[in-house]
Amino acid sequence: MKIIDNCSPRLQYPLFTQLILKCIFTGSSYKSLQFVDPQLVDGHLSYFLGAVGITGLAALLGVREKGHVIKGANQTMVVSGAAGACGSIAGQIGRLDGCVRVVGICGTDEKCRALVEDLGFSAAINYGQEDVPTKLKECCPDGVDVYFDNVGGVTSDTVIAQMNKGGHVILCGQISQYNKDVPYPPPLSEETQETLQRKSITRERFMVLNYMNKADAALCELSQCVKSGQVKVLETVVNGIEHMGDAFCSMMKGGNIGKQIIKILQ
Ligand SMILES: NC(=O)c1ccc[n+]([C@@H]2O[C@H](COP(=O)([O-])OP(=O)(O)OC[C@H]3O[C@@H](n4cnc5c(N)ncnc54)[C@H](OP(=O)(O)O)[C@@H]3O)[C@@H](O)[C@H]2O)c1
């Protein structure tokens, strides 16, 4: 993804209009460029790629469409991949929508600190260092009602095992399985399938692109939340398009906090 300012005069884009080149990998034409208003992000154009862009939408619409969060219902939400682009926003939306407890699972102590101290998560678990089942029980004494799943695999089996009856899994992604030769969504263990059935836990596939009719309103909401400070944005910025490949590999291995951004123009 790339942000272009100083718009090309040849295409005669209006002054102050910034463009997002939706997908440089597919060689999209100018027709797939999208006009955006810099005021929506107080000039932080990179937010259009994350918190006020596709990953923010996946977080907000995922919670709204599949999370069944009800204010006053004393719900606990767990987010895996919690310090990433989707996860960091999803947890904050869960808290704003009324979850009394939001617990993040992520890969480093630095990420855990950011979740709790900067983003207002109730607690965070480092899955690389801590015993996740034990820590999850401590952090979620009333069980788990809503699970925003970015990673799948063992982490998700552990969370689902501690979910309450009638809970909801938001199946956002399964990044721990992406390098395996398995279909999407990857098959669940028999034990996890049995838990879902026995406890009537919903787990439907969520694809943000299926909800684009709700995108404009959701982007407005995200913009307001970011501008008011209700939602905080984390980014990891790498300078230079020549580092794009390394940055992507680093993101897949957990090198990013928040949205991984490649800055092309200074
Ligand atoms: N459903 C949709 O429409 C939609 C839209 C956008 C994205 N997604 C999905 O949302 C998820 C997050 O995407 P994102 O763009 O926001 O990326 P991201 O979370 O910013 O970055 C990926 C993170 O995944 C974690 N990770 C990598 N390998 C892992 C593993 N084996 N086990 C556990 N965690 C691992 C790493 O954090 P740690 O340090 O914590 O390991 C890494 O920082 C992905 O699954 C993606 O496919 C879905």
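Every read-out reported here was derived from the displayed coordinates using simple, explicitly stated rules and does not represent laboratory data. This is a predicted model, so every value here is computed, not measured. Quick reminder, even Gly has a Cβ in these numbers, built from the backbone with ideal geometry, and neighbours come from all protein chains shown.
Rounded to the nearest 500, the helix-only mean residue ellipticity at 222 nm of the chain stands at -9000 deg cm²/dmol, with each DSSP H run of n ≥ 4 adding -39,500 (n - 2.57). Which links in 135/199; 66/165; 111/253 stretch past 18 Å when you go from one Cα to the other? Listed pairs above 18 Å: 135/199. The gain in end-to-end length when the residue 264 to residue 164 segment is fully stretched comes to 31.4 nm, 0.36 nm per residue minus the alpha carbon separation.
Shown for the chain are no DSSP H helices, since none reaches 27 Å along its axis, judged by Cα atoms, with a mean Kyte-Doolittle hydropathy of at least 0.0.
Summarising the amide proton neighbourhood of residue 163: residues at separation of 5 or more, or on other chains, whose placed amide H is nearer than 5 Å comprise 144. Taken about its Cα centre, the chain carries a charge dipole of about 540 debye when Lys and Arg each add +1 at the Cβ and Asp and Glu each add -1 at the Cβ.
Taking amide H as placed 1.01 Å from N in the peptide plane, the amide H of residue 263 sits under 5 Å from that of 238, 239, 240, each at least 5 places away or on another chain.
Fraction of C-alpha pairs exceeding 18 angstrom in segment 137-266: 68 percent, rounded to a whole number. Residues whose amide H lies under 5 Å from that of residue 102, counting only those 5 or more places away or on a different chain, are 77, 122, 123; hydrogens are built 1.01 Å from N in the peptide plane.
When +1 charges are put on Lys and Arg Cβ atoms and -1 charges on Asp and Glu Cβ atoms, the dipole computed for segment 70-208 relative to its Cα centre reaches about 360 debye. Normalised by the number of residues in the chain, the mean separation of alpha-carbon contacts (under 8 Å, six or more apart) gives a relative contact order of 18 percent. As a ratio to 2.2 N^0.38 Å, the alpha-carbon radius of gyration computed for the chain takes the value 1.02. Compute log10 of I(q)/I(0) for segment 70-208 with the Debye formula, placing one identical point scatterer on every Cα and leaving out solvent, at q = 0.10, 0.19, 0.20, 0.22 Å⁻¹, to two decimals. Those come out to -0.28, -1.10, -1.23, -1.49, one per q.
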